[in-house]
Amino acid sequence: MRSHAVTVALARIERGEPGASEALWDLVYQDLKQLAAARLARLGAGQTMQATALVHEVWMRLGGDAPPSFDGRAHFFGAAANAMRNILVDEARKKARLRRNAGRKPATLPADAAIESGGDAVDLLALDEALTAFAAEYERPARVILLRYFAGLSIPQIAELLSVTGRTVDREYLFARTWLRRFLSRD
Amino acid sequence: MLDDAQKHRLLHLFADGVELPPADRAAFVARACGDDVALRHELGELLAVEADALADFLAAPAVAAAPDTDTPPPPVVPEIDGYADFERLAEGGMGTVYKAWQLRPVRRAVAVKLIRPGMDTAQVLARFEVERQALALMSHPYIAAVHDAGTDALGRPFLCMELVDGVPITDYCARERLSLEARLRLFVKVCRAVDHAHRRGVLHRDLKPSNVLVGKHGDEAVPKVIDFGIAKALADPLGEQSIHTLAGTFLGTPEYMAPEQIDGGANQVDTRSDVYSLGVVLYELLTSARPIEARGQPPAGVVQWSRLVHETVPPRPSTRLRSQPTTANGPAGGGGGARWLRRLTGDLDWVVMKALAKEPDRRYGSAREFAEDLENFLAHRPVVAGPPSGVYRLRRFVRRYRVQVTAALLVLLSLVLGLSGTLWFLVDARANERAAIARAREAEGVRIAAEAALLAKDNPNLALLLALEASERTDDSAVRRTIYDALPQHALQRRLRGHDEGIEQGTGVLLQYLRDGHLVDSGASDAVLWDADRGTQLRRFAGPRDSIDAMAIDPDERLLLAASRDGTAWLWELATGTCLRVVPDHTAALTACAFAADGRHFATASLDGTARVFATDGNGAPLVLRHEHPLGAVAFDRGGQRLATFAADGCTRLWDLRTGRLERECPPAERLADGLTDDALRGSEVFFASSIDRVVSLCGSKVRVHAGDGRLVAELDGRFARRFGDDRLFVSRDVAGTGRLGVVDLRTGAIEPHDELRLWSATPTPDGRFAVAVDYKLEVCLLDLASMRIVRHYLGPADKNWRPHIAFHPDGTRFAVLGPDVRIWTFEPDYAPFDLPGTAPVLAERSNVAWGPAPVAVIRPDGFARADGRWQVWDVASRRCLGEIRRPELAFVAPSPCGTRLIGGIPEHGSRGWTMVVFALDGRVQREIELPASPRIEPAVPNEVHWAVDAAGRFLITTLNPEGRPPAPRDGVWLQCHDLTTGERLAQIPHPGGVPTWVGGPDAASVVMAGWHLRFLQVVDWRTGAVRARVARPPDGMHLNAALSPDGRYLLGALGEPLAFVWDLERNAADANAAPIASYIGMTPAGGYACGFLAGGRLCQVVCDDEVHVFETATGELFAVLRPQDSCTGLAESPDGSELLTLTTAGRVQRFPLDPLSVAERRAVGRLEGKRLAQYRIGTPEQLLAAERAWLTANATPGNHAQLGRLALAAGDLDEAIACTQRGADLAVLGPYYTYLYLDLVGLYCRRLGDPRATAAQRTADRTAAIAALEQAFACGADRERVLAVPGIDRLRDHPRHAALLGR
């Protein structure tokens, strides 16, 4: 139901109807907020960035009120996932920079920028690089992993968004994970 | 590298391969890939990785999974903690209603309304929390109480209400076959209940028969109005989304909704909307029909309903009855047909129709008036309502058929004029009605204001919007001020709204203050000239058939120029609004326009690839300048001899206007092959640097700086560029979706990045000290250009416009920001807080402020972390560091009270003496004075060094016993006074006891001795040691601080408890026990640690932790409250007494104008603070408490019980406080109040735990009691954060329950 409403809202934005972006905002706010809250929960207490600020940041990364020709929910979540990736990587970068300039400013991130993933810590900066390389070669699998890993969508949801079967998503997800694992273990 | 076909195969083969056990994979790879070596290698490697190293790498998302929005519907029976035995009663638009048993605080049957999923839970709950505060104020036998709200196990919001045993009022009347009179009497009761709520500022918003349940108690029919305020709680908090549009469908029942409620949403709704709904209910009671009923399929959409409601004039009740053969004998169950009809016809018709008027102004102003008119009818008195006047019907007719009527306008006009006598009469007659309406609106405004004040801390943005909403409903500026005071920072003066199509999505292109202070702003296709100070529109400029993409005002402020997308340029006269010219020359949409500096020419640019230069007076042929690409921007240079044009290929061209020839081509680093889109072009800008030979263009995400000879000086990423001085440029680069500020040197093109400033734009202020900027959250803020730091935020989002228009008033006192509306902010940089550099909070320790010729702050920027003895002196006005002192041996440095020099102290360890050093403000040493050793004073840091300046301008210094241990008045302990100019010791007297807290008085010869152990405060003459005055300590007080008025007559004592007293020493001369003449009670978490006289003794100030309370010396009446937002460690008064300067422990200095609060505000401080109850009246504390208690007891509502508890607590009577919390109050309803109460209790116990004098047994008891109170606080809904803020909560850490309650 909501996916339909998002599509309608996006269409309204493209037609330039007044208030359309607010309507979309209302619709996706909850989802984005969950994304943000989940991220914040992982990063632990004492976080400098507020959930709302983060959501606003997501929204702005999506283009504020002028989203580049979105194509329904699929497009939207792709963009949201990308925004999440940007945020996480940004924070990781900031963290790295803070470490380099230790003493200049009080560190703002208590938790390490690396994210726990099944017991292994993933270096976000490296993952970002790997993802960029992967996306250049395998477009759809890259979208799958983006939606799964950064937007937290379920396999059936991704399948619906990309208009493919769940089995395809499963397959490409596994492929993407393997590929990225190999890329990261090469160094 | 694989090609696409190989990649495709790889994906498939990989999928097949992972199905196989690892041992079989090598063979599979060899078989499947054949002789494709690259593919074989890739597949083999990936399969190996999958088998060996993958584990669950990236298997779980970095963020928790998004919820599946298409989850199956939740189970039927809700699960809510504390409730049991759910039994479904009804299904409604908002959700399902259950009968249930509430188990706590008392076991009782209640109605639980589970809100339909799909609404924003958090918002509904937050909203309801606010609403509940208002609902708690209502206590009426005919209004069902709301007990509780929360979320069920599935996270759905629910409301718990009084269970009402009754049926909808319509059903009841039919079942009981009530007569017309009985129905009216029952209905009057409903009106009275609704009026009760209205007078407490609560609207129902969804009145209908099913929300008015009637039960029978004995012989009496008792109505209960249910769901009060719930519609509001479910609606969007900003009121921008009306209730019916939530989830795209009506939440309420449109038949009962007032027209303005259907149209305008929450903003338009007031008490008269409820009157309309009541009118519909009455109509139905009298006729069994609704005034407006859809024929056939009821319209689903809001628009259709709106039309139906506006276009249908309902028949009078009597007419409706006659026309319905089935009910011609009276409505269902009514009986007595003919009589019923006769009774209905006439007056009652008019009463009902008055309530149902389309225009709120024509309805009854309140439910009470409605009820009174019905009582008039019942008592056979004349009713207020009457048939609509001819004028009214005429107006309605004109309104409905505006277009058709235009032709006959003259006729109608004359008719109206002919009737104007009647009209005047009507105006007079309706004056009372209007006053009533105004009162109702006022009440609503006050209520919104209260909401806003409650929200102020958690959500300042929302609070600000609510404050605006409130101020639009009430003219009482005090209401607005109250909220603003509760807000951390505020400066919003006014909001202007009123364009035809709004200014959404950053479509505004012009915002400019004229020299006369009027403001011009642009909407999508019009512009408005405002009297911005009054908020009134003076003139509107409209005409273009399509959007206006650029506007300009000529230097003489005579003309307004607009460039429209319809291909025309328009020229209006600002003074008259007359359109002087429409320029149709261009063949495509215009994108830009500009006036030359002398105003004699203007230029336009268009997508048709030309720029045209016109003479303003219309003479001569226009000059046409051509590009090969569409144009986006145009600008004149200062001399008016050159024109710059910017085109879609990224090229800027410079034209010589004298010859009309192309002078220079300024190409970008790389020509744009595809060209820029039209939209990007519309946003492009080009301008000349003001004094050096540079031209700047901005388009898309590139800023280019060209020299006048066409050379490209710099090409930078940037979405915003604004001149900053003569030779610099602010740019905002888009880095990872947020703006990062950079400053570009226009001469060299070098950029100085300020990546820490995440700003989308920055516009320098006229004084050049600041820039008004928009940060990455799109909030307006103020950037201090000296320190390149954000010094304040203005509340409220700017807009989703990354290049906002900002205009300064000619007098520099305010500025406007064009967003979705125009917001005008006070520009008061002097009052902007200023964070001193350093390591907060340590820097503020022993830091202080003083205000002599200039306000200065003395701080220790390194705190105590590094003992390098660095001290800094800051001029607060100019925000400059005046000087620095580096003397590690200095134990303290403090400013003199008059702010002209500093004094430092160096302990001489060997000799037990001190060296005092006098510094100039720039840090130079002026004098060093050795103080001889005092035999019994130990060599340590003197915590107190006190100053005074006498009539001859000599400095006097008083040192005292170190470490705050008050010496006893015995031989060998001395109080010393020195002249710091000469170094001469002026006096040495036996120590009178206590701590000298203040030195001064009429001849600078008095010292006030205070101390928590003393029974008396003493004023001593330091020259002779003679005691000038003594006052007895009040029973609860600890004399922590005191001061003497400049004339020596009044003594101010501030106590550790939040109390301050003023004694008139003339009265105390005879009797040391004479009572203080005034007392001030400000219940703040901590208070009284610093105090002093202001305004020559007329006012007193007490520092209460993060607030400074100023009260009148003679009366103890609150005068002003300053909120430096953090613990205040220093305070100074400006020489003219008009301003105060504060320094907080976080190192923030701020100037405050010493503006008195209005009477309403003083009241509001107490009322609206919620958490804090500030009382201020003349009298002793005992008298005050007694008076307050008496009043609260006399007005015993549940809320007042809670307040009684708080007072008992303030008096230290814990048992009484706890008793009050349990007396006659409903814990669930009063949750928030009790939260504070219990938290106060916790704080009190914790404070006692810190008392070294307490016995072990007392500590154990206090700790147990504190934990119990803490549990209660949590049970009432206290959140962890608030609990952690309780002072001294750490003292409970070792209690076994602590971990369970607070974690860790």
Shielding by partners - mean other protein chain Cβ count within 10 Å, residues of B:3-11: 2
Long-range HN-HN contacts of B:Ala1042 with modeled amide H, under 5 Å: B:Ala1054
I need the GluC sites (Glu not before Pro) found in the range B:610-697, filtered to DSSP loop residues with at most 15 other beta carbons within 10 Å of theirs. B:Glu628, B:Glu670
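Could you tell me which of rounded, prolate or oblate describes the range B:495-831, using a ≥ b ≥ c as the square roots of the eigenvalues of the alpha-carbon gyration tensor, with rounded for a/c under 1.5 and, failing that, prolate when a/b is larger than b/c and oblate otherwise? Let's see the in-between values first.
Working: a/c = 1.62, a/b = 1.08, b/c = 1.50.
Since a/c reaches 1.5 but b/c is at least a/b, the shape of the range B:495-831 is classed as oblate.
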If the limit is 28 Å between Cα atoms, which of B:Lys208/B:Lys358; B:Lys189/B:Lys358; B:Lys99/B:Lys358; B:Lys216/B:Lys354 go over it? B:Lys99/B:Lys358; B:Lys216/B:Lys354
Ratio of Rg to Rh over the range B:585-688 (Cα coordinates, Kirkwood Rh, two decimals): 0.95
The FRET efficiency for B:Asp734 and B:Ser690, from their Cβ-Cβ distance with R0 = 22 Å and rounded to 0.05, is 0.25
Phi angles of the range A:156-165, converted by Karplus (6.51 cos²θ - 1.76 cosθ + 1.60, θ = phi - 60°) into ³J(HN,Hα) in whole Hz with x for Gly and Pro, give x, 5, 5, 4, 5, 5, 8, 6, 10, 7
Scattering from the C-alpha atoms of the range B:531-661 alone, worked out with Debye: what is log10 I(q)/I(0) at q = 0.15 1/Å? -0.66
When the Cα atoms of the range B:4-52 are enclosed in a convex hull and the volume is divided per residue, what value in Å³ results? 59
Give me the dipole magnitude in Debye, nearest 20, for the range B:520-573 about the Cα centre, with unit charges on the beta carbon: positive for Lys and Arg, negative for Asp and Glu. 180
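For B:Asp784, B:Asp1047, B:Asp674, what's the largest-to-smallest order of accessible area, 1.4 Å probe?
Listed by decreasing accessible area, they come as B:Asp674, B:Asp1047, B:Asp784.
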List the residues of the range A:128-159 that lose 50 Å² or more of accessible area once all protein chains are present, compared with their chain alone (1.4 Å probe, heavy atoms only, no ligands or nucleic acids). A:Glu137, A:Tyr138, A:Tyr149, A:Gly152, A:Gln157
Output ordering of B:652-662, B:629-639 (per-residue mean of other Cβ within 10 Å, highest first) is B:629-639, B:652-662
Arrange the residues B:Cys579, B:Cys1128 by how much accessible surface each exposes, largest first, with a 1.4 angstrom probe. B:Cys579, B:Cys1128
Accessible surface of A:Glu172 in the full protein assembly, 1.4 angstrom probe, to the nearest 10 Å²? 10
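The values are calculated or read from the model by the stated rules, or taken from the named source; none is laboratory data. Owing to the predicted nature of the structure, the values given are computational and were not obtained by experimental measurement. Positions of Cβ are generated from backbone atoms using ideal geometry, with glycine treated the same way; all protein chains shown enter the neighbour counts. Heavy atoms of the whole protein, side chains included, go into the accessibility calculation; ligands, DNA and RNA do not. Shrake-Rupley method; radii C 1.70, N 1.55, O 1.52, S 1.80 Å.
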